[in-house]
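Worksheet for the structure shown next.
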Amino acid sequence: MATLIITNGDSAADLLAAAGRDGEILPWRDVLHEGRIRAGTLEENSTERAAFLAGQFDLPVEEVAATFAERDAVMRRHAAFDRIELWFEHDLYDQLQLVQILSFLADEGRSDGVVLVQADDFLGHQRPQTILRFAERARAIGEAELEIGDLVWADLAMPTPDYVVRRLGQPLNRLPFVAPALLRFLEELPGPNGLSRTEEAALAAIAAGTAAPGRLFGAVLAKEQAAFMGDASFFAMLGALAFAETPLIAGYTPVTGVDDPRETLALPTLELTDAGRAVLAGEADHVALNGVDRWWAGTRLKGRDVWRYERASTTLLPPSTGLQLHG
């Protein structure tokens with residue numbers, strides 16, 4: 001029986017291979033909580049995603065595009081596999097990948113032989129001797145799960161985030177970690193002070209005395225119930241705060257091109273600027289000071305009047321309207 005195993009990235013794929021899991025193992029390798037999610041085919045998304053990821057992480061676009069093309073070609077021959085195992089974690093990074101894959105399978109009308117191995121711990125933190133314990137949780141994926149994945153993916157691709165908020169009012173318990181992941185994703189929209197939850201956590205940790213970028217990354221991740229952000233994404237975020245029109249952070253040195261990044265990341269050089277302290281205190285607004293131009297799924301946040309999310313009350317705030325949409 002031919003088996004296709006799909007998982008989040010190379011670490012989990014290597015562990016599954018080392019553990020002797022039979023089948024072709026396919027790592028998804030996409031940071032879907034950054035950059036645009038668009039409507040369209042898997043290949044159309046991959047073309048846009050490859051260009052974004054190459055620019056964001058200083059990678060050769062041809063190599064990223066080729067990797068995605070190989071991945072997508074495997075997905076297109078899914079009928080050659082009697083069994084498809086989806087191995088995914090509980091965090092935002094994995095759950096966005098999961099709903100994209102379920103949406104693809106829904107479009108293909110493929111549920112026969114598809115099973116979900118849903119982990120509530122990080123696959124990459126396992127050992128070859130422990131990772132297969134999650135296989136005991138494998139359960140069949142049916143039309144209900146495919147429909148949820150398809151609807152959530154369509155909502156994410158919409159040009160405004162209120163579709164996601166409304167989806168959270170619908171039953172999603174067939175995929176128990178999707179709703180928490182979407183709620184966490186909403187918290188990456190700018191808050192009332194213009195900061196996402198991760199940005200605010202970073203500024204708060206610096207204000208509390210965590211001055212080394214490497215230690216800061218660990219301190220911010222420790223605040224997460226299900227950490228999802230990689231170090232490259234985190235340090236790109238720090239760079240954006242440090243080199244904005246009105247910087248919120250001083251003392252940050254990018255690690256791109258540095259001979260020994262570990263040494264640079266260990267130096268306690270970070271501090272808040274006056275603007276950073278004012279924004280953290282709620283006395284100034286990062287978006288009003290610096291503007292923004294980034295994608296949140298299918299929503300483009302551009303300028304100084306953008307969608308925001310008030311985390312304490314779980315309220316989505318549309319641009320300039322004064323309307324409030326509760327999650």
Tally, over segment 1-26, of residues that are crowded, with 19+ Cβ neighbours inside 10 Å and without any contact (Cβ under 8 Å) to a residue 24 or more places away in the chain:
2
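Evaluate the following for ARG49: is it under 16 Å from the mean Cα position of the chain (by Cα), charged (D, E, K, R) and assigned to a helix (DSSP H, G or I)?
Values: under 16 Å from the mean Cα position of the chain (by Cα): yes; charged (D, E, K, R): yes; assigned to a helix (DSSP H, G or I): yes.
Yes.
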Take segment 45-71 and flag every residue that is more than 20 Å from ARG21 (Cβ to Cβ), open to solvent by less than 20 Å² (accessible area, probe 1.4 Å) and charged (D, E, K, R).
ARG49
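Yes or no, residue by residue, for (1) in a loop (DSSP other than H, G, I, E, B); (2) surrounded by fewer than 18 Cβ atoms within 10 Å (Cβ to Cβ):
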site: GLY209; (1), (2): yes, yes
site: PHE228; (1), (2): yes, no
site: LEU238; (1), (2): no, no
site: LEU241; (1), (2): no, no
site: LEU301; (1), (2): no, no
Only one of (1) open to solvent by 30 Å² or more (accessible area, probe 1.4 Å); (2) free of Cβ contacts under 8 Å to residues at least 24 places away in the same chain fails for THR269. Which number is that?
(2)
For GLU34, state whether it is surrounded by fewer than 16 Cβ atoms within 10 Å (Cβ to Cβ) and either under 18 Å from the mean Cα position of the chain (by Cα) or not polar (S, T, N, Q) (or both).
no
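Please verify whether segment 180-192 includes one or more residues that are farther than 30 Å from THR41 by Cα and open to solvent by less than 40 Å² (accessible area, probe 1.4 Å).
First, the residues of segment 180-192 that are farther than 30 Å from THR41 by Cα: 191-192.
Add one more test, that the residue is open to solvent by less than 40 Å² (accessible area, probe 1.4 Å), and what stays is 191.
Scanning segment 180-192 turns up at least one residue that is farther than 30 Å from THR41 by Cα and open to solvent by less than 40 Å² (accessible area, probe 1.4 Å).
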Taking segment 123-157 as the search range and keeping residues that are outside any helix (DSSP H, G or I) and buried (at least 18 other Cβ atoms within 10 Å of the Cβ), which one is nearest to the chain's Cα centre (by Cα)?
GLN126
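May I ask you to list the residues in segment 99-122 that are at positive phi and either buried (at least 17 other Cβ atoms within 10 Å of the Cβ) or in contact with a helix residue (DSSP H, G or I) (Cβ under 6 Å, 6 or more places away or on another chain) (or both)?
In the first step, residues of segment 99-122 are kept if they are at positive phi; the result is 109, 113.
GLY113, the sole residue that qualifies.
Residue check: is VAL74 open to solvent by less than 40 Å² (accessible area, probe 1.4 Å), in contact (Cβ under 8 Å) with a residue 24 or more places away in the chain, touching a strand residue (DSSP E or B) at 6+ places or on another chain (Cβ under 7 Å) and not small (Gly, Ala, Ser)?
Numbers: open to solvent by less than 40 Å² (accessible area, probe 1.4 Å): yes; in contact (Cβ under 8 Å) with a residue 24 or more places away in the chain: yes; touching a strand residue (DSSP E or B) at 6+ places or on another chain (Cβ under 7 Å): yes; not small (Gly, Ala, Ser): yes.
So VAL74 passes the test.
Can you spot a residue in segment 84-98 that is in contact with a Ser or Thr (Cβ under 6 Å, 6 or more places away or on another chain) and either buried (at least 16 other Cβ atoms within 10 Å of the Cβ) or in a helix (DSSP H, G or I) (or both)? Steps first, please.
In the first step, residues of segment 84-98 are kept if they are in contact with a Ser or Thr (Cβ under 6 Å, 6 or more places away or on another chain); the result is 87.
Remaining after also requiring either buried (at least 16 other Cβ atoms within 10 Å of the Cβ) or in a helix (DSSP H, G or I) (or both): 87.
Within segment 84-98, one or more residues are in contact with a Ser or Thr (Cβ under 6 Å, 6 or more places away or on another chain) and either buried (at least 16 other Cβ atoms within 10 Å of the Cβ) or in a helix (DSSP H, G or I) (or both).
The values are calculated or read from the model by the stated rules, or taken from the named source; none is laboratory data. This one's a predicted model, so the numbers in the text were calculated from it and none came from an experiment. Virtual Cβ from ideal backbone geometry, glycine too; neighbours counted across all protein chains shown. Only protein heavy atoms, including side chains, enter the accessible area calculation; ligands, DNA and RNA are left aside. Shrake-Rupley method; radii C 1.70, N 1.55, O 1.52, S 1.80 Å.
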